[in-house]
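Every read-out reported here was derived from the displayed coordinates using simple, explicitly stated rules and does not represent laboratory data. All values derive from a computational prediction rather than experimental measurement. Every residue, glycine among them, receives a Cβ derived from its backbone with ideal geometry; neighbour counts consider all protein chains shown.
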Amino acid sequence: MTKPTIILDPHWRSLAELFSQNTLSALREGFDVIWGRDEPISSEAFDAAWPSASVLISATPTVTRKMLDDAPKLRAVIEVSGAFPDSIDYEACAAKGVEVLSCAPGFRESVAEMGLAMALAGARGLVAEHEAFRGGNEGWLQENPTTDFSLHGARIGFVGFGQIARELTGLLAPFRPRVRAHDPWLAQGNVDRFDVELCRLEDLLKWSRCLFVTAAPTSRNKALISADMVALLPDHALVVLLSRAHLVDFDALVAAAKTGRIRVAADVFPVEPLPREHPVRKVSNVILSPHRAAAVQGGRHLIGDMILRDLKAMCSGDSSRQLATSDSSRVDLVAGIGNAARAAKMAVERGDS
């Protein structure tokens with residue numbers, strides 16, 4: 001029996017980053033894997049495989065209407081960068097019955113874990129006390145009642161209640177927090193099982209002691225948390241920025257932190273790598289992480305597991321998917337957002353400052 005052909009071109013990511021050895025072996029056993037290397041696929045290899053390809057797996061997939069005409073067997077395009085890119089003709093894919101899937105849900109475990117760590121560190125002033133200790137100014141047995149707080153019973157808010165937010169809600173459950181969220185894509189019935197109350201963005205910001213920004217970026221939500229919205233946050237609120245800096249007025253967020261009115265923990269930034277002269281580097285009320293929430297050994301292997309599961313489901317006629325599915329009514333793309341992490345990683349590899 002002929003195996004379905006998969007073009008596996010994960011660069012700029014690596015195979016080991018996405019797949020455990022067992023999952024990669026199972027993928028090769030069940031499918032005819034073309035390329036499957038850490039360097040970019042050659043145009044010759046791609047052109048030779050494209051007419052018979054059933055699936056394209058790529059960190060930077062480009063699929064045009066003309067390309068679809070040349071790939072009659074194509075059933076799916078799977079991006080492994082982390083967001084739906086603007087280099088795919090989604091309408092043409094839908095018309096041809098080609099699924100477009102994103103690996104974004106595969107980050108949920110490692111990113112949620114980092115989000116919890118950043119929230120704990122920010123809520124308890126761990127980094128600030130660490131720095132004070134280094135300077136010989138530590139406060140032994142000292143409470144900081146205006147700035148520090150416990151997550152137990154805390155008012156936790158989420159901007160966007162997708163995979164990462166839902167995973168984080170599970171990690172936070174032992175603290176028995178009160179949880180609210182703003183997500184215009186969801187109805188209350190969609191989140192009742194998480195014991196989460198949906199509300200307006202303004203109300204969420206006024207209420208939250210700890211606010212997680214976990215929404216996916218779109219052309220409609222750029223700077224959704226504007227300077228006016230930042231001003232609504234309670235004094236000494238903690239903002240944990242996990243998804244994309246695209247969602248916030250970053251300058252306004254930094255300015256509020258600089259005054260000491262709020263704390264911020266950020267894993268993502270407007271420009272990556274962040275310029276060395278950026279003022280946020282000197283703000284003491286900010287915890288900084290260089291876009292490494294998912295950067296832990298095996299932290300992205302869930303992506304590979306989901307890919308293998310969904311490919312098997314396609315072959316068996318099962319329509320359920322673990323990867324994120326594109327929907328013509330919801331895909332609202334931002335040019336370049338899908339490749340932001342790629343640009344950052346390549347800049348680091350080049351040694352850019």
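Can you give the charge dipole size of the chain about its Cα centre, rounded to the nearest 20 debye, using +1 on the beta carbon of Lys and Arg and -1 on the beta carbon of Asp and Glu?
440
Quick query: amide H of A324 versus all other amide H atoms, modeled in the peptide plane; which residues come in under 5 Å with a sequence gap of 5 or more or a different chain?
Correct list: S102, A104.
Only Cα pairs under 8 Å and at least 6 apart count here; give the relative contact order of the range 63-152 as a rounded whole percent.
Numbers: 69 pairs, mean separation 21.2, N = 90.
Reported relative contact order: 24 percent.
When the gyration tensor of the chain is built from Cα positions, what are the square roots of 5 times its three eigenvalues, in whole Å, from largest to smallest?
Numbers: eigenvalues 308, 92, 70 Å².
Output for the chain: semi-axes of 39, 21, 19 Å.
Roughly how many Å is it from the Cα centre of the range 273-333 to that of the range 92-144, as a whole number?
13
Find how many whole Å separate the alpha carbon centroid of the range 21-78 from the alpha carbon centroid of the range 156-190.
A separation of 36 Å, based on Cα centres.
In whole Hz and in residue order, list the ³J(HN,Hα) couplings for the range 176-189 that follow from phi through the Karplus curve 6.51 cos²θ - 1.76 cosθ + 1.60, θ = phi - 60°; x for Gly and Pro.
6, x, 8, 10, 10, 8, 10, 7, x, 7, 10, 9, 4, x
Between Rg and the Kirkwood Rh of the range 108-288, both from Cα atoms, what is the Rg to Rh ratio? Can you show the working numbers first?
Values: Rg = 15.8 Å, Rh = 16.5 Å.
Ratio of gyration radius to Kirkwood radius: 0.95.
When you count, for each residue, the other Cβ atoms within 10 Å and take the mean per peptide, how do 190-199, 109-118, 136-145, 176-185 rank with the highest first?
On the way: 190-199: 15.5, 109-118: 22.2, 136-145: 8.8, 176-185: 18.4.
By packing density, highest mean first, the sequence is 109-118, 176-185, 190-199, 136-145.
For helix 301-316, what angle does its Cα long axis make with the longest principal axis of the chain, in degrees from 0 to 90 and rounded to 10?
40
Name the residue from S150, G125, N137 whose Cα lies farthest towards the positive end of the charge dipole of the range 113-159, charges +1 on Cβ of Lys and Arg and -1 on Cβ of Asp and Glu.
S150
If I take every Cα pair under 8 Å that is 6 or more residues apart in the chain, average their sequence separation and divide by the length, what percent do I get for the relative contact order? Let's see the in-between values first.
Working: 652 pairs, mean separation 67.1, N = 353.
It rounds to 19 percent for the chain.
Report the charge-dipole magnitude of the range 35-177 in Debye, nearest 20, computed about the Cα centre from +1 at each Lys and Arg Cβ and -1 at each Asp and Glu Cβ. Could the numbers behind the result be given before it?
Numbers: 12 positive and 19 negative charges, 98 e Å.
Approximately 460 debye in magnitude.
With unit charges on the beta carbon (Lys/Arg positive, Asp/Glu negative), name the residue among L232, V296, V213 whose Cα is farthest towards the positive pole of the charge dipole of the range 164-315.
Positive-end residue among those listed: V296.
Expressed as an acute angle from 0 to 90° and rounded to the nearest 10, what is the orientation of the C-alpha long axis of helix 21-30 relative to the principal long axis of the chain?
The two axes meet at around 30 degrees.
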